[in-house]
There are 2 protein chains.
Amino acid sequence: MAMPDFAAWSRAIQARMETALDRVLPAESLAPARLHAAMRYVVLGGGKRVRPMLAFAAGEAVGADPELVERAACAVELIHVYSLTHDDLPCMDDDDLRRGKPTCHVQFDEATALLVGDALQSLAFEALATPRAGLDGAVQVEMLGLLARASGSRGMAGGQAVDLYSTGKSLDLAELEFMHIHKTGALIQAAVLLGGLSLGGLSATARSGLEHYARCVGLAFQVMDDVLDAETDSATLGKTAGKDAAQGKATYLTLMSAGEARDYAADLIADAERAISSFGPASRRLAEIARFILERRY
Amino acid sequence: MAMPDFAAWSRAIQARMETALDRVLPAESLAPARLHAAMRYVVLGGGKRVRPMLAFAAGEAVGADPELVERAACAVELIHVYSLTHDDLPCMDDDDLRRGKPTCHVQFDEATALLVGDALQSLAFEALATPRAGLDGAVQVEMLGLLARASGSRGMAGGQAVDLYSTGKSLDLAELEFMHIHKTGALIQAAVLLGGLSLGGLSATARSGLEHYARCVGLAFQVMDDVLDAETDSATLGKTAGKDAAQGKATYLTLMSAGEARDYAADLIADAERAISSFGPASRRLAEIARFILERRY
C-alpha cells in the first residue's frame, strides 16, 4: 500500500488530534460549564497542529508507538493554545482575531481567558502525567520535566517576556533569534523530543539529531511567519496581519528583505534535513514538515 | 531533646522554604532578568507557607524523608503564589496589596504579572519532575498528575471560575462550599497528599485519613479567612480587608454570624483531628496546624 502524501497525512493528524483533544478536555456539561466551554472554544475546531505533526513525525522517525505519541502531542498543543490565549489578552498583544474566530477574551471575557490559559497549562501536565502502559515512569518524569522547562521562564514564557520588553527597541539578529529560540523554538523542540522520547528513551545521537532539526525548523517557521505576516491579508492568515510591524516589534523583515528572509529560511530547512538524514526513510514526515514550513502560504 | 513547639517548628519550615524556593527560582541575573526579578518578588520574603507546613506535617505523620517532601512543598507553594498573582490582576480581583507589599502588576506591570504566574506554574511542575533518588518514577508521575488535577479546571482554577461567575449572586452553603473545596481546598489537599506520597506510596487507609483531614482543614481555613477578613484591618492582614463583602462576593458571614462561623470551624477542626488519630503521635504537627488555623489572628 502506498503511503499517503503529506497533505493526506497532515489532515489525518489534524483529525486524530481533534478527537484526542476532545477526549482530554473536560465536557462542557461539567461545572464550571462556562470555563469548560471556553477551554473547548479555544482548543477545538482549528489550528494547523504543527507541533502535534512534529511529535508524530519524530515518533515515526524513531519507531515509537503512535498511541504514546498522541498524549505528548496533546500536551504540547494545550501549552501552545494556552500561550495564544494569554498572548491575545489586552495587556499583551490585545488581539481580537485568532484562527479566524474572535479571541477568547472577546468571545467570553478577560477573566475567563486568563483562567482558560491557566487551566489549559495544568491540563497539559495532567495529560502527560496519565500512567501509560508501555512507558517507564522515569521516562515519563523526564518528559514532564522537559515540557515544564520548555514552557517556563527559560523557555516559552521567557521568550514572551523578551518579546514584551524589546517592543519598540531595535534588535540585532542574535537578539531576535534569542527571543524566537525561546518564544516559539522551545516548544517546537519539546514537540519533537517528546515524540522521540515516546519510544521509551533516545540515544545521544538520535536526541542530538532531533534537537538540531527542531532548532532549525523552529527558526525557519518564525522567519516565514514574519514574511507571511507582512505579505498576506488577515482573512487568509486567520489572525490580524501586519500587527508586529504596527506595534514596533522587531521582525526578520526589519533586518533583511523578504527575499533574503526566504533564502535564510531555505538554508535553515536544508540544515534541518541534514540533521535527520541518519534516520533514513523513517524521517520522511519530518522532512515533509520542514518543506511545508518553507512553502506554506498561511 | 524536647521537640520544638509549634511556633518554633513553623518558623523553621518558613526558613527552610525560603532557602528551598530561592534555589528553585532562576537567578535574577539570568535573562529575562525583569521576569525573574518579578518571580522572585512574589515568591520570596513573605507568606505564611501554610501549604508547605501541611506537606511537611503529613510527611512526618507517615515517616517520609523531609528532603523528598521539600520538593513537593515547593511545587505546591509555587502553584499557590501563581494563583495569587493572577487573582490580583485588574480583570480578576484588582487588588494592589498582597503579603504587605504592592501586588505584582502594581510593582511591575500587568503583562509581567501575567507571565510571572504562567512561568511559576511551569516551574512548579519542573520542580516536581526533577528526578529524585529514593522516589520511584511511577510515584513521581502520580504526584505530578495529582498536582495538575488540583490546579486545573476541576480544581483551583475551576474554583476561581465559580467564584468569578457567582459574584453578586447569593449562594447557599452547598454552593459556597463547592466553590471553596475547589478554589482553596484542592491545593490544600494536594499539599497534604504530596507530603504523604513522598514516602513512596500510601495505604488506602492512610490516604483516606489524610484526604478527610485535608478537606476539613481546607474548609475551616476558608471559614476563618472570611471571619478575619470581616474583623481585621488591612495592615494586620497584609492584604486588603473587607474586599469580598465590598465586591458582593458570597462569604460564610453572608450565611451565618461570626460566632456561628467560629463554631463551624471548630467542628471541622475536631473532625480533622479525628481523621488523623490513627497516625498516633507522628500526627502531632498536623493536629497543631489544625489548631493554628482555628486560632490564627491574620
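FYI, it's all coordinate maths here, none of it is from the lab. Just so it is clear, the structure is predicted and the values come from calculations on it, not from any experiment. For neighbour counting, all protein chains shown are included, and Cβ atoms are generated from backbone atoms with ideal geometry for every residue, glycine included.
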Computed lengthening from A:GLU28 to A:THR254, 0.36 nm per intervening residue step minus Cα-Cα distance: 76.9 nm
Mean separation of Cα contacts under 8 Å (6+ apart) over length of chain B, as relative contact order %: 21 percent
Chain A, dipole about Cα centre (Lys/Arg Cβ +1, Asp/Glu Cβ -1), debye to the nearest 20: 600 debye
Highest average packing first - A:130-137, B:161-168, Cβ atoms within 10 Å: B:161-168, A:130-137
Charge-dipole axis of chain A as Lys and Arg at +1 and Asp and Glu at -1 on Cβ define it, positive-most pick from A:VAL43, A:SER257, A:PRO90: A:VAL43
222 nm mean residue ellipticity, helices alone, for chain A (DSSP H n ≥ 4; -39,500 (n - 2.57); rounded to 500): -21500 deg cm²/dmol
Residue of chain B whose Cβ sits closest to the axis mapping B onto A, with distance in whole Å: B:GLY137, 1
Residue-span extension gain [A:ARG274 to A:ALA138] - 0.36 nm each, minus C-alpha spacing: 45.9 nm
Net charge dipole size for region B:167-282 [Lys, Arg +1 and Asp, Glu -1 on Cβ; Debye, nearest 20]: 420 debye
Three-way shape call for region B:86-215 based on the alpha-carbon gyration tensor, with the a/c threshold at 1.5: oblate
Rel. contact order, % - alpha carbon contacts under 8 angstrom, at least six apart, region A:171-234: 42 percent
For A:THR130, inter-copy label distances in nm, listed shortest first [label point 7 Å out on the Cα-Cβ vector]: 3.0
Region B:1-139, relative contact order in percent, only Cα pairs under 8 angstrom and at least six apart counted: 24 percent
Peptide A:34-40, shielding by other chains (average Cβ, 10 Å cutoff): 3
Gap separating the Cα centres of region B:142-174 and region A:11-70, nearest whole Å: 23 Å
Exercise: per-residue mean of other protein chain Cβ atoms within 10 Å, B:83-91: 3
Surface/4 estimate of mean projected area, convex hull on alpha-carbon atoms of region A:6-295, nm²: 14.2 nm²
Shielding by partners - mean other protein chain Cβ count within 10 Å, residues of A:163-176: 1
Candidate lysines - alpha carbon under 28 Å from B:LYS48, same-chain residues fewer than 8 apart omitted: B:LYS101, B:LYS183, B:LYS239, B:LYS243, B:LYS249
Cα-centre dipole for region A:1-97 with unit charges at Cβ (Lys and Arg positive, Asp and Glu negative), debye to 20: 320 debye
